[in-house]
Amino acid sequence: MISWRKTLLAALLPVAASVVSAQIVNKPSVGLELAKKIAARAEAEAAKNQWTMFIVVVDDGGNLVFLERMDGAQLGSLDVALGKAKTALRFKRPTKVFQDRINGGGNDSTLTVPGIVAIDGGLPLMANGVLVGALGVSGMQPAQDAVVAQAGASVVAQP
């Protein structure tokens, strides 16, 4: 009986291994080294303007890769920055798109969609046309957050 089980197991292992390998997907994503470079560029822009901010980088699954709180940044900006990054990732567009839709007036159902932070300062990070993560910045006015986010996102756009 034991030898029969071993034979069956030996026969099934290659099949199981091929099923598992067929399910694995290799895809680009923001890693820690790149996230640090993005945040450093964003921080330099903020510091140049004497702005204090939270800078958040998430990977292609919305997982936090890097978080920076500049000295003096208001604590409430943490959740806003993370929300901006996740919004930009989930919807593959800058958070300014949602801010503009709401500021445009009228009856916009955008406010009813869960997980949207409709404030400028969140950007998807694209590399070679592939979404690899997102960046969220918060601490100042939305237009200022956007300037800092754009500086950080420019790291990914470089060769």
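Among the residues of region 53-94, which ones are farther than 15 Å from M126 by Cα, buried (at least 17 other Cβ atoms within 10 Å of the Cβ) and not aliphatic (A, V, I, L, M)? F54, F66, E68, R69, S77, G83, K84, listed by residue number.
So, in region 114-152, of the ones that are over 14 Å from A81 (Cβ atoms) and in a helix (DSSP H, G or I), which residue ends up farthest from the chain's Cα centre (by Cα)? If we take residues in region 114-152 being over 14 Å from A81 (Cβ atoms) and in a helix (DSSP H, G or I), then A143 is farthest from the chain's Cα centre (by Cα). Among the criteria (1) over 17 Å from A143 (Cα atoms); (2) modelled with pLDDT under 95, the one V65 does not fulfil is (2). The single condition among (1) of a type outside the set (K, R); (2) crowded, with 21+ Cβ neighbours inside 10 Å; (3) at pLDDT below 95 that D108 does not satisfy is (2).
Among the residues here, F98 qualifies as under 20 Å from I119 (Cβ atoms), touching a helix residue (DSSP H, G or I) at 6+ places or on another chain (Cβ under 8 Å), modelled with pLDDT under 95 and aromatic (F, W, Y).
The values are calculated or read from the model by the stated rules, or taken from the named source; none is laboratory data. Predicted model only: the values in this text are computed from it and were never measured. We place every Cβ from the backbone using ideal geometry, glycine too, and count neighbours over all the protein chains shown.
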